[in-house]
1. Does ALA231 satisfy the criteria of being in a helix (DSSP H, G or I) and either surrounded by 18 or more Cβ atoms within 10 Å (Cβ to Cβ) or touching a Ser or Thr at 6+ places or on another chain (Cβ under 9 Å) (or both)?
2. Quick check on segment 262-282: of everything there that is open to solvent by 80 Å² or more (accessible area, probe 1.4 Å) and assigned to a helix (DSSP H, G or I), which residue is modelled with the highest pLDDT?
3. Could we say that ALA46 is open to solvent by less than 10 Å² (accessible area, probe 1.4 Å), under 24 Å from SER235 (Cα atoms) and assigned to a helix (DSSP H, G or I) here?
4. Quick one: in segment 15-43, of everything that is surrounded by fewer than 22 Cβ atoms within 10 Å (Cβ to Cβ) and either among the polar types (S, T, N, Q) or in contact with a Ser or Thr (Cβ under 6 Å, 6 or more places away or on another chain) (or both), which residue is nearest to PHE259 (Cα to Cα)?
5. From the set of residues in segment 204-219 that are open to solvent by 10 Å² or more (accessible area, probe 1.4 Å) and assigned to a helix (DSSP H, G or I), which is nearest to LYS154 (Cα to Cα)?
6. Can you find a residue in segment 6-21 that is within 15 Å of the chain's Cα centre (by Cα) and under 28 Å from PRO223 (Cβ atoms)?
7. Kindly evaluate MET70 against the criterion of being under 21 Å from ALA101 (Cβ atoms) and open to solvent by 50 Å² or more (accessible area, probe 1.4 Å).
8. I need the helices (runs of 4 or more DSSP H) fully contained in segment 85-200, keeping only those with at least 3 residues that are within 29 Å of ASN244 (Cα to Cα) and modelled with pLDDT of 80 or more.
Amino acid sequence: MIEWLVAPFRYGFMLTALAAAVLVGISCAAIGVHVVLRRMAFSGEALAHSVLPGLVVAYLTGASLSFGAMIAGVTAALGIGWLTARERLREDTAIGIIFTAMFALGVLLASSAGSYRDLSHMLFGNLLGVTVQSLWLIAGMTAVVLLALVLLHKEFALTSFDATHAAVIGLPAAGLRYVLLLLIAGAVIIGVQAVGVVLVTALLVTPAAAASLLTDKLPRMMPIACAIAVATAVSGLYASYYANVVSGPAVVLACAFLFLLAWLYVVVAGKRTHSPGEPETY
């Protein structure tokens, strides 16, 4: 049994992939709690798809893929924040316009390379190909996301659950939304390396959604979501090694499986007393 557990991690690239998957999972799950509570899943998906043109431009020019994704992600986050602040467009309409345009631009640019082989890695990730240099970037971004969530915990909680009270006491709701969008973009940028543009939304939403089924208190919800993300990262890598399947989708499917278990537990136990994404206390 011990041999079965340690065998995959005798290889350096598997250890790097494990560290990357755990860090990405924690980062996405932590910020994903606010994504779920604020019903911003569509915003998270938009930011995930919007980094594609940055990745493609970086690939075509020989620049850092992470830098290209960062530029595109920040641009999309600021664009979404600016458009959703306008009253003439519905929020979901503005987000839909931005992410479809950015994604189409990325595909168009990729077509100029003459091959979609590398595009497939951008779309579906390459967790086993994460380098040590990329791992340091992932660790740094994870630290930034977690630190920001700790420092702005009360502000994010108030604007999520009682926007009227937050406005009365003078909290800058619009500014906090921009910060949250930028943090989501940061988590997306590092998540793309693990599971790709198409699947990174699952890491943002699924662990947090599962945690929201198990508790209605934010201080408990976030660590539960992170624990679920870590468990799925590890189990996804084991599945990748022993079943010889792609690691990114394996991690995402493990997330979906744990969400299903959480949902079944709630149904069987019958303890749910409020709607998902509406915690009673924070």
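The values are calculated or read from the model by the stated rules, or taken from the named source; none is laboratory data. These numbers were taken from a predicted model, which means no experiment stands behind them. Every residue, glycine among them, receives a Cβ derived from its backbone with ideal geometry; neighbour counts consider all protein chains shown. For the accessible areas, the whole protein counts, side chains as well, though only heavy atoms, and no ligand, DNA or RNA atoms are used. Shrake-Rupley method; radii C 1.70, N 1.55, O 1.52, S 1.80 Å.
1. Numbers: in a helix (DSSP H, G or I): yes; either surrounded by 18 or more Cβ atoms within 10 Å (Cβ to Cβ) or touching a Ser or Thr at 6+ places or on another chain (Cβ under 9 Å) (or both): no.
Judged against the criteria, ALA231 is not a match.
2. TRP263
3. Taking the combined requirement at face value, the residue does not satisfy it.
4. If we take residues in segment 15-43 being surrounded by fewer than 22 Cβ atoms within 10 Å (Cβ to Cβ) and either among the polar types (S, T, N, Q) or in contact with a Ser or Thr (Cβ under 6 Å, 6 or more places away or on another chain) (or both), then LEU37 is nearest to PHE259 (Cα to Cα).
5. Initial filter on segment 204-219 (open to solvent by 10 Å² or more (accessible area, probe 1.4 Å)): 205-206, 209, 213-217, 219.
From what's left, assigned to a helix (DSSP H, G or I): 205-206, 209, 213-214, 219.
Values: VAL205: 21, THR206: 23, ALA209: 21, LEU213: 22, LEU214: 22, PRO219: 11 Å.
The extreme case among them is PRO219.
6. Looking through segment 6-21, at least one residue is within 15 Å of the chain's Cα centre (by Cα) and under 28 Å from PRO223 (Cβ atoms).
7. Numbers: under 21 Å from ALA101 (Cβ atoms): yes; open to solvent by 50 Å² or more (accessible area, probe 1.4 Å): yes.
When the stated conditions are applied, MET70 passes them.
8. Numbers: elements: 91-111, 117-124, 132-151, 153-161, 163-168.
Filter on segment 85-200 gives 132-151.
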